[in-house]
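Data first, discussion second: the structure below is written as structure tokens.
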Amino acid sequence: MTIRIGIVGYGNLGRGVETAIAAQPDLALAGIFTRRDPATLATLGNAPVFALDDIDAHANDIDVLVLCGGSASDLPVQSPDLAKRFSLVDSYDNHAKIPAHFAAVDAAASAGGTTAVISTGWDPGLFSLNRLYGEAILPQGETYTFWGRGLSQGHSDAVRRVPGVAGAVQYTLPAEDAIARVRAGEQPELSTRDKHTRECYVVLAPGADAEAVREAIVTMPNYFEPYDTTVNFITAEELARDHAGMPHGGFVIRSGESSAGVSQTIEYQLTLESNPEFTSSVLVAYARAAARLEAKGDHGAKTPFDIAPGLLSPKSAEALRAELL
Ligand code: NDP
């Protein structure tokens, strides 16, 4: 059975989802839905583009929506609204607010008889699963997550929404000495500030006050306040020339002991040339799971913790048992 996907929002992730669907044997792109004038959107392929306001007219052509809006202000509105009528997947990444987002989407999806997988991608997403595996398997120990050096889309998006910012990127840098201590099995106590720093490159809007913009960024709760953040002001030309790529990655390490003096380490690493293309590849695999759960009548909001791994694969359960176990 072909699963028909609608893309909501056509930015980095939207383009990535379009690319990722083409690589999957059982997924097809039903259309792209945008808040902008559809006629003005230049897409990678030749998929039809529609106004998001008209999405209900296409309900019979769509099995699952992949929401590609930003976590700062798009997804908190779009996910609960669309989950009333469509099964969907989103990549909501504001970790502190995930429980509230889950509750809002769950109420909508349960009432609408849809299945909505929230907060998938790689972090939250695959990294969350690896944190869970580590803690479940090695209850005595510590879990460490390091990111970067990489461009964080969620944090870049948050900076771009600060008044006075015309363009911006944000890099996350891991602290190499902290990583070395963790790998050596020291299980050090590391504060948020010890593990990473954040580096912003910002283009100011005409007339904007640089100091006010810097202050708004470094004091932003959840996103920047817990870190040492540097803000560098650059020109639009420098932003385009030096910061166009979107590499990222990182690792989750569980360092523990199965009994006194018996050390065990689990490490999961991602090295990503394109963060949005990889995140989008995760989202479409979860779209397959959402379609299967909806068909089974398993409705409401889900996170990656609630999805059986076999549901992500295009292969049948029988094939997976024969090939991968
Ligand atoms: P973008 O800023 O590229 O796109 C966000 C939305 O903005 C789009 O859906 C689009 O909506 C609109 N938009 C895009 N380009 C333009 C433009 N040129 N002019 C006007 N509007 C535009 O965000 P990303 O795709 O990079 O990231 C989206 C979210 O993905 C992030 O906020 C982050 O939360 C999440 N993410 C999650 C990860 C995870 O591991 N869980 C990893 C990476 C990202 P429309 O078409 O309706 O205008």
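By the scheme Lys and Arg +1, Asp and Glu -1, what is the net charge of all other residues having a beta-carbon under 14 Å from that of residue 52?
-3
Sorted from fewest to most neighbouring beta carbons within 10 Å, what does the list 1, 246, 220 look like?
1, 220, 246
So how do 233-241, 253-261 stack up, highest first, on mean other-Cβ count within 10 Å?
Highest to lowest by the protection proxy: 253-261, 233-241.
If we count every other residue with Cβ under 9 angstrom of residue 267's Cβ, Lys/Arg +1 and Asp/Glu -1, where does the sum land?
+2
Return a whole-number percent for the relative contact order of the chain, with Cα pairs under 8 Å and 6 or more residues apart as the contact set.
Relative contact order of the chain: 21 percent.
Cβ neighbours within 10 Å, averaged per peptide: list 290-298, 202-210 in order, most packed at the top.
290-298, 202-210
Mind running the shape call on region 227-305? Use the C-alpha gyration tensor, a ≥ b ≥ c as the square roots of the eigenvalues: rounded below 1.5 for a/c, prolate if a/b tops b/c, oblate otherwise.
oblate
What residue among 315, 195, 302 has the largest mean-square fluctuation in a Gaussian network model of the chain, using Cα springs under 10 Å?
315
Going Cα to Cα from residue 296, which lysines come in below 21 Å? Please leave out same-chain ones fewer than 8 positions away.
84, 315
Would you please give the residues with an amide H less than 5 Å from that of residue 220, counting only those at least 5 places away or on a separate chain, with H modeled from the backbone geometry?
HN-HN under 5 Å from residue 220: 225.
What share of the DSSP beta bridges in the chain is antiparallel, in percent to the nearest 5?
Here the antiparallel bridges make up roughly 55 percent for the chain.
Would you please report the Å³ per residue occupied by the convex hull of the alpha carbon atoms in the chain?
150
A short reminder: the numbers here are calculations on the coordinates, not readings from a lab. Just so you know, these numbers come straight off a predicted model, no measurement behind them. For neighbour counting, all protein chains shown are included, and Cβ atoms are generated from backbone atoms with ideal geometry for every residue, glycine included.
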